[in-house]
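To start, the structure under review is shown below, and the notes come after it.
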Amino acid sequence: MRMHATILLAALAFAAVSQAAVDPPNPYPGLRPASYEAMLEILRKADEQPFVTVSEEAKTTQGRSVLLVRMNRGGDKAVWRIFFIGAQHGDEHAGKDALLKLITDICAKPERLPEDVDLYMVPMANPDGSAADTRRNANGVDLNRDHVELSQPETQALHRIARRVMPHVSVDCHEFGRDSSDYGARGWDEWPLIMMDTANHPLFDPALYEAGLRWVNDAKGAMAEAGFNYCRYIVGDAPPDGEVRHSTVDIDDARNGLGAYGGLSFIIESGQKRGQADVQQDLGLRVAAYEKLLWRFIEDRTHRDADMAAVAAARQRPPGPVVPTNYFWARTTPGVEMIKVIESATSAVIEVPAYNYMDTRVIKKSVPAASAYLVEVAAAAPIGDLLGRHGIAFEVTTTPLVVEVERVRLVRVEDKEDPVYERYANRVIVERLKPAQQAFAAGSLRVDLGALPPVERLRATLLLEPCQMYGLYQYPVFRATVGPDGLLPVARAR
Ligand SMILES: [Zn+2]
């Protein structure tokens, strides 16, 4: 009897919603991914327009060009600066093809681009990966995990552009597997055709997080009207018991890595069905969904003045007195969230309880903000190079210094997933030591946070703070700078 009740409850929890017609028809049925050569031809033609500039921002390992397209019809009147990035992951074509279509469409009808918009685009951020149809670049690096190290010409170029343009909005375009294995094992596809989320590092200005979430939520009406299944970006394992969350709260991807410049920053993910014989047969549908979201950033002026003011304020705001160092997604709301999935066999949309839907960013631990970071001579070369790639000013000391600093000792780096949180590989576990006087030899680095503009101060803190849970020491090149006693080479001065 008791068993029966349990089964009944489970059945109720899985109550199907009678609804079919999952996706609208593909409006561009013949569309195939544009090759590198096809992109060159599109950009060559676009460059003939007086309001279009195409510039080479980097050469890849295999000698292809990372190209930036700027479209500006208003000159100085173009005050709303947008930066769109396509295909950092070379096998995720829809964003790239949507950007190329946008470029072609604006060239065919220039008046579609408002005069107050200054539009920058890198449609193909990973040309070697796009040519080979691989996620990684030709060096085998996942570019969207390289925004801390900036070890690759492609990611270095994206950051140089961001520092030059200082966009109000950055959008990084990706694709996900709608029929991933854990959903597939339950007989489901993921419901969304396309998802979007905003930058979310807890050290970023809260007003930007709110403004970003407003863009994410405000798109829902238009997307529903157009028939596109759209929601805020979720990642994780399949419900009901898999953990569902709004991606990472870390800065090694473009959304947060470029968000660290104090603008609004977004990730968009369209859904590929990777199990179908021809993954690109519905490319046109994904491109159409992309177009809808991308054009909103160009055309929608509803909150533009407020957004521009929020970005300006964030870029002038001195960082607060504390630095969150340990943070994650958690569930803080009682009750159960329902999420939509598609029953693969019937195409019916059903709602499933997601017991582990993590809805809130939680800060577990913070440290008082440092006034400066000091880097020992032994690590001055790699960390100086890192700061140089990020455009952060620092001083190389010419005389020995004695400074009261807090040292931090590395306890371990979790190479595997944390068994408690079932995630967080590469988490850096450290121990803070008591402040003490320490001598730094000539040739040490000193990053005086008080002397930096607010945005650089924030970015220096994100990179150097030795207590960061995802600090530098998750990367082998920086782990090699840890002393035999476990002392990290970067010390905090209060
Ligand atoms: Zn991706």
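The values are calculated or read from the model by the stated rules, or taken from the named source; none is laboratory data. All figures in this text were calculated on a predicted structure; none of them were measured in a lab. Counting neighbours? That spans all protein chains shown, and the Cβs are built from the backbone with ideal geometry, glycine included. Side chains included, ligands, DNA and RNA excluded: accessible areas come from the protein's heavy atoms. Shrake-Rupley method; radii C 1.70, N 1.55, O 1.52, S 1.80 Å.
What percentage of the solvent-accessible surface of the chain, computed with a 1.4 Å probe over protein heavy atoms, is contributed by carbon and sulfur atoms?
Its accessible area is 55 percent carbon and sulfur atoms.
So how much accessible area does I363 have, in Å² to the nearest 10, using a 1.4 Å probe?
Estimated to the nearest 10 Å², I363 gives 90 Å².
Quick one: putting +1 on the C-beta of Lys and Arg, -1 on the C-beta of Asp and Glu, what dipole do you get for the chain around its Cα centre, in Debye to the nearest 20?
1000
Cross-link list K101/K220; K220/K273; K59/K365: which exceed 30 angstrom alpha carbon to alpha carbon?
Beyond 30 Å between Cα atoms: K59/K365.
Using +1 at the C-beta of Lys and Arg and -1 at the C-beta of Asp and Glu, which of P33, G263, G74 has the Cα lying farthest in the positive direction of the dipole of the chain?
Most positive-ward Cα: G263.
Starting from the residue with the highest accessible area, list V428, V402, V396 in decreasing order, probe 1.4 Å.
Putting V428, V402, V396 in descending order of accessible area: V402, V396, V428.
Which is farthest toward the positive dipole end of the chain among L143, A312, Y233, measuring Cα position about the Cα centre, with Cβ charges +1 (Lys, Arg) and -1 (Asp, Glu)?
Comparing the listed Cα positions along the dipole, A312 ranks first.
With a probe of 1.4 Å, find how much accessible area the chain has per residue, and write the answer as a whole number in Å².
41
Sorted from largest down, give the three principal axis spans of the alpha carbons of the chain, whole angstrom values.
Here the spans come out as 75, 71, 43 Å, largest first.
So how far apart, in nm, are the two label points at A378 and K59 if each is 7 Å from Cα heading toward Cβ?
3.8
How much net charge surrounds L208 when only the other residues with a Cβ under 14 Å from the Cβ of L208 are counted, with Lys and Arg +1 and Asp and Glu -1?
Neighbour charge sum, excluding L208 itself: +1.
Could you work out [θ]222 nm for the chain from helices alone, using -39500 (n - 2.57) per DSSP H run of at least four and dividing by all its residues? Round to the nearest 500 deg cm²/dmol.
Here the helix-only value at 222 nm equals -8500 deg cm²/dmol.
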